[in-house]
Amino acid sequence: MSAAAPPLPDSDLSHVLAHTRALWGELRGGRIFITGGTGFFGCWLLETFCHANSQLDLGAQAVVLSRDPGAFRRKMPHLFRGQDVQVIGGDVRSFPFPDGTFTHVIHAGTTSSAPVQPLEMFETIVGGTRRVLEFAVACGVRQMLFTSSGAIYGKQPPQVAAVGEECPGGPDPADENSAYAEGKRAAELLCAAFHQAHGLQVKIARCFAFVGPHLPLDAHFAIGNFIRDALRGDPIRVNGDGTPLRSYLYAADLAIWLWTILFNAAPARPFNVGSSESISIGDVARVVGDVCASGGGVKIAREPLAGALPSRYVPCTDRARSELTLETWIGLREAVANTAHWHRLNG
């Protein structure tokens, strides 16, 4: 994180504010504590917070927990030009509670891409969530957002077009690769328990797949890797057979959904966050190649098995649409174009 990242485009910041303007009054004069503020979600939350704070003269402050505050300041220097954002150092499982009072908390720490062993992954998610919940109760926080994951449903049955919040499935607890998903499931249980025991208004966002500025191009996110290949002019490589079905929500829409869930959702009632428009991984690669005008073509590693149903990771978002009037405003092609342009600026 040594190189400074460019700010988010003004068009994205304006888009988020246009769809959340009526929500921000609750944070006027408030103070919000954010974990995971240096990651993909966190960067979007912080930049949209700072934009709303400035445009609406909220007089609010965000305090961000980071394992490496110096690196975060070097990555995002434009966030520290005023008094909107303060960064403190610490581990999410053991951080000392910062001084002062807080009105809101967003717990977005611990991503699925963290290079840690399964046991440490599980303990970080569960232990970190408990620590943040204890902090929220101790500080009299009014509302808290926990970013969970669609992984908590386990492997989506291929005959189920879109998985809903009432799905009874779950990950395989005997598989060590389920550590992330099981950690998120246990963390949701902690959130529900703290809501019942302490009245803490914990909101739960089960997040699926996304694309946008700040998405890493060198991690395990397929669409990020495709954009990387396209920007280099290399062939866009699909490691499998290209048939798995996914869906992608643009990060500006993601920010709208997360802020709306924090301020408006019912506590301890999970909401899927993502796009319900499925597309095969092979077609995602072709869209990226077309949008980015890549000359390298698309290379799919192997042919699909005859008669095999494609795997799916696609949410049903009816609950968010009906209860919170949320939508997908920015389509995939525009999302890919915006992401690629931002990364070109980022070198």
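The values are calculated or read from the model by the stated rules, or taken from the named source; none is laboratory data. If you're wondering where the values come from, they're calculated on a predicted model, not measured in any experiment. Don't worry about glycine lacking a Cβ; one is built from the backbone with ideal geometry, like all the others, and counts go over all protein chains shown. Just the protein is used for accessible areas: all its heavy atoms, side chains included, with ligands, DNA and RNA removed. Shrake-Rupley method; radii C 1.70, N 1.55, O 1.52, S 1.80 Å.
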Notebook entry, point to check: Out of (1) farther than 26 Å from Gly90 by Cα; (2) open to solvent by 10 Å² or more (accessible area, probe 1.4 Å); (3) part of a helix (DSSP H, G or I), the odd one out for Thr20 is which?
Noted result: (2)
Notebook entry, point to check: Can you find even one residue in the range 50-63 that is at pLDDT below 95, among the small types (Gly, Ala, Ser) and open to solvent by less than 60 Å² (accessible area, probe 1.4 Å)?
Noted result: no
Check: If we keep just the residues of the range 215-227 that are in contact (Cβ under 8 Å) with a residue 60 or more places away in the chain and open to solvent by 20 Å² or more (accessible area, probe 1.4 Å), which is nearest to Cys43 (Cα to Cα)?
Finding: Pro216
Checklist line | Filter result (in contact with an Asp or Glu (Cβ under 9 Å, 6 or more places away or on another chain) and either assigned to a helix (DSSP H, G or I) or of a type in the set (Phe, Trp, Tyr) (or both)) within the range 52-70 | finding: Asn53, Ser54
Check: Mind checking which residues of the range 163-200 are among the small types (Gly, Ala, Ser), surrounded by 15 or more Cβ atoms within 10 Å (Cβ to Cβ) and outside any helix (DSSP H, G or I)?
Finding: Gly170
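For every residue, the table says whether it meets (1) over 20 Å from Glu323 (Cβ atoms); (2) polar (S, T, N, Q); (3) in contact with a strand residue (DSSP E or B) (Cβ under 6 Å, 6 or more places away or on another chain).
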| residue | (1), (2), (3) |
| --- | --- |
| Leu133 | yes, no, no |
| Ala138 | yes, no, no |
| Val141 | yes, no, yes |
| Leu145 | no, no, yes |
| Gln156 | yes, yes, yes |
| Cys167 | no, no, no |
| Asp172 | yes, no, no |
| Asp175 | yes, no, no |
| Ala179 | yes, no, no |
Next item on the list: Please go through the range 85-106 and pick out each residue that is in contact (Cβ under 8 Å) with a residue 40 or more places away in the chain, closer than 18 Å to Pro69 by Cβ and within 20 Å of the chain's Cα centre (by Cα).
Entry: Val87, Val92, Ile106
Next item on the list: Residues being touching a residue at least 40 places away in the same chain (Cβ under 8 Å), outside any helix (DSSP H, G or I) and open to solvent by 10 Å² or more (accessible area, probe 1.4 Å): count how many of those fall in the range 31-47.
Entry: 3
